[in-house]
Each structure stands twice: as C-alpha cells, then as structure tokens.
Amino acid sequence: MDDRQSLSDLAEGLMDHSGMSNPKQLSAVARQFLTLQGASAVGICTRETLAGGPPSTDLEYVLPGARSAVSFAVPMNQKKIERYLAKESHAEHQENNISVNTFVTGLACSLADYWNQKGIVSRGLSGNGVYRQDTPGGMYDFMPEISHRYLAARSGVGWFGLSGNVITKDHGASVLLGSVITTAELEPTEPLSEEDSYCDDCKLCFASCTSGLMDKKELTSVVIGGEEFSFSERRSYHRCDLVCGGFTGLAKNRKWSTWSPGRFEMPESDEEFEQVLIETIIASEPRPPIAGGFLHPAMPGTRMLNVTCANCQLLCHPDRDERKRRYKLLTESGVVVQNPDGSLEALAPEQAEKRLAAMSPEERSMYEKVGEE
Ligand code: SF4
Ligand code: SF4
C-alpha cells in the first residue's frame, strides 16, 4: 500500500469544502452544531431579513462582508432559579448564570472557528458584557455591538415578552442568547407567530422589578426586515444599573428585596438617577465582597459584579401558574442583609430593619442613606 498516496487522498478529503456554499446545507450544519451542544432554539437572520432594523442589527459593524447571523438560546437551570428566587441559594444560580454565559460565548466561537477552517469567514460574539465604544456616552450607553435580542426575535428563536426580554417556548425567558456572524449566505428563518406567544400581559415582570425600568403604560416598537416587534418602553437604563449592578434592591413596600443588601431608595424621575447612581456606587464601595461574581468592564476599577436581580427574566416561565408561584417565592422570602464576612442572608422584613438599626452609622451608610426611614 502506498502510504503517501493515501495520506494525500485523506488531506484532499479534509480540504473538501463541498456543501459549504449551499445555504440550506450550511444552515442545517449550524443548527446541528449548536443543538448537539445544548442550544434549545436556533434561528437565522440574513442582511435581507434585518434590513431597516436598528443600528445594533448591522452585521457589518462586527464583520465586514457579513451576510447572515445564526442566533441561539441556551437554557439556565430551572431548579437553581427557583432556589435563587426563594432566597435559598444565591451562589447556585449565580454560578450557573456565569457558566452558561461563558458557554454561550464559547459555543458561538466554536461554530465560527469551524466555519473559518472551512474557508467561511465568521465571528462568534460574546454572550454579554461587550458594548460599543463609539456612541456619545461610550461603554456607559450599554449599546451592544449586535443585539442578540433583535436577532433572536427576528429569526424565531423566541418572542419579545412585554418585559422586553426574549421569551422562548420551552424555557421561557430563562435562557441566555448567543450569535454567530458569518459571510456565508444562509437560509433565513421567520419570526414566531405572535398568536402563539405565551406572554399574556400578566405584568409580573413589572411587579418583580424594584427599579421601574419598564414603563407601565408606554410601548416601544422596532421594525426589522418588515416585521414589527413591540415591548414596554424603557425608562432610564440607570434604573437597572442601580439594581442589576447590585447597589440596591429593596422593594418600595420594604417587605422583600433582590439579592442586593442595599436599601437605597429609587428616585421617581429619570433625571435624578444619574446622581443617585454615582452616590450609591460611592457609598456601597466599602461593603465586604460577596462570594463569586465576575469582572465586568462597567464596574469601577476591578470591582466584582454579582448577579443580584434578573427577576423580570427568571420568573417569566411559560406556565402562568408557575410564574405566579415564582412571584410569591420572590416576594415572600424576605429582605437580604449582608454579614460582616460578606455572606448574604434573607431575613423577615422586621428583623432586617433591626439588623440595620443595630449597625454603626458608618456600616449602615454602605447599605442605606443614614437618617432615611
Ligand atoms: S412576566 Fe408576564 S407580562 Fe412579563 S413578559 Fe412574562 S408573560 Fe409577559
Ligand atoms: S433585571 Fe431587575 S432591575 Fe433590571 S429590569 Fe429586570 S427586574 Fe428590573
């Protein structure tokens, strides 16, 4: 047997890129690649199906010559979410959230690398935490390079819920989204039918939000590739920064909280938010660190960011009764306080008040405005 001949045949076979220019076949490969690794839904957008969309649907912003995008969802662990909402375990869901997020980024890069080695120039995007630097406020405008949400809704990975989160048939909003941008021509998929969406305006996403980010009356809509999508208008994004950043999280009725031990009050008007955000970041700086977390570019210095909210996402289950149950878990599991070693603990609201009242003014000022009732 001529070994050299057979190796050269093999090499030729390895370089065989047949099927790599057929949109249908390439789309099937993308779907297979992602679902085999754990994606629960996959969809495809093209330049045509994204035409006329917001700037964050411009695929060429991240890859010159891009023609298509593959959008996908990976579910988070529902049991850990329940324990998080019930304030039984902060760490379990936080770890799951961080690892699924990292997995989504890796999965997007894996498909892009697979195609790059087949001669199709592609790019996998990070799951989260990458923002455009060329907007007026730079990174602090929190405008993504490409909106995973818009790609997911336009390609039928899920619907837009009233919350503005993408909600999926099987896992509700408890998914993290990923995107792969490619120069390949792929076969687009269509949005899911609005009639089939499980979002029934229950508004539990609003009720679970201590920041008031979502406007209770106004809707906003976007048109992408001739399809219109609507969800609640956003008020100042600094609202979510303050709560999702972990700086504060006490509900208005002071009976429950997010996993943040902060009790700083939310101003009513958006105009006051920037100043309050700055004051709260400074006041909370000396808090002992919470276990786990991750480095986020928007946090001051190398301060860690912890997952403390995402309530609007995590309670939005496809089953309405389960959504109600989760809301009950969240709002009847008390108020979080922080111990001197950094650990978090949920207490009954009255006990939490007492714990704060027993602190020295310096210690207390890390969590609330001293003198505020
Ligand atoms: S919580 Fe209710 S209103 Fe909000 S997005 Fe989910 S189903 Fe829709
Ligand atoms: S993540 Fe939390 S603060 Fe932000 S919108 Fe959702 S519920 Fe509100």
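Residues are listed down the side, and each one gets a yes or a no for (1) surrounded by 19 or more Cβ atoms within 10 Å (Cβ to Cβ); (2) farther than 21 Å from L242 by Cα:
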position	(1), (2)
C312	yes, no
K324	no, yes
D341	no, yes
E350	no, yes
K354	no, yes
E363	no, no
K369	no, no
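Condition first: hydroxyl-bearing (S, T, Y), more than 16 Å from ligand 2 (Cβ to nearest atom) and crowded, with 17+ Cβ neighbours inside 10 Å. Now tell me which residues in region 184-214 satisfy that.
T189, Y198
Out of the residues in region 154-191 that are of a type in the set (A, V, I, L, M) and part of a strand (DSSP E or B), state the one that is nearest to ligand 1 (Cβ to nearest atom).
Checked region 154-191; the qualifying residue nearest to ligand 1 (Cβ to nearest atom) is I167.
If a residue has to be more than 16 Å from the chain's Cα centre (by Cα) and not in a helix (DSSP H, G or I) to count, how many in region 51-87 make the cut?
Number of matching residues: 16.
For region 181-192, state whether one or more residues are in contact (Cβ under 8 Å) with a residue 12 or more places away in the chain and within 27 Å of Q94 (Cα to Cα).
No; the residues of region 181-192 include none that is in contact (Cβ under 8 Å) with a residue 12 or more places away in the chain and within 27 Å of Q94 (Cα to Cα).
Residue by residue through region 88-125, note down the ones that are free of Cβ contacts under 8 Å to residues at least 40 places away in the same chain, part of a helix (DSSP H, G or I) and either more than 20 Å from L36 (Cβ to Cβ) or of a type in the set (K, R) (or both).
Those that are free of Cβ contacts under 8 Å to residues at least 40 places away in the same chain, part of a helix (DSSP H, G or I) and either more than 20 Å from L36 (Cβ to Cβ) or of a type in the set (K, R) (or both): E92, N96.
Check region 275-292 and report whether any residue there is away from ligand 1 (no atom under 16 Å from the Cβ), within 24 Å of V130 (Cα to Cα), at pLDDT below 95 and under 20 Å from the mean Cα position of the chain (by Cα).
yes
Looking for whichever is surrounded by fewer than 18 Cβ atoms within 10 Å (Cβ to Cβ) and either more than 26 Å from M76 (Cβ to Cβ) or of a type in the set (S, T, Y) (or both) here; the options are G301, G292. Which one fits? Give the steps one after another, and end with the answer.
Numbers: G292 fails: either more than 26 Å from M76 (Cβ to Cβ) or of a type in the set (S, T, Y) (or both).
It is G301.
Given the condition at pLDDT below 95, out of contact with any Asp or Glu (no Cβ under 7 Å at 6 or more places or on another chain) and outside any loop (DSSP other than H, G, I, E, B), answer yes or no: does some residue in region 304-326 qualify?
yes
The values are calculated or read from the model by the stated rules, or taken from the named source; none is laboratory data. Not measured: the values here are computed from a predicted model. Ideal geometry is used to build each Cβ from the backbone, glycine not excepted, and the neighbour counts take in all protein chains shown.
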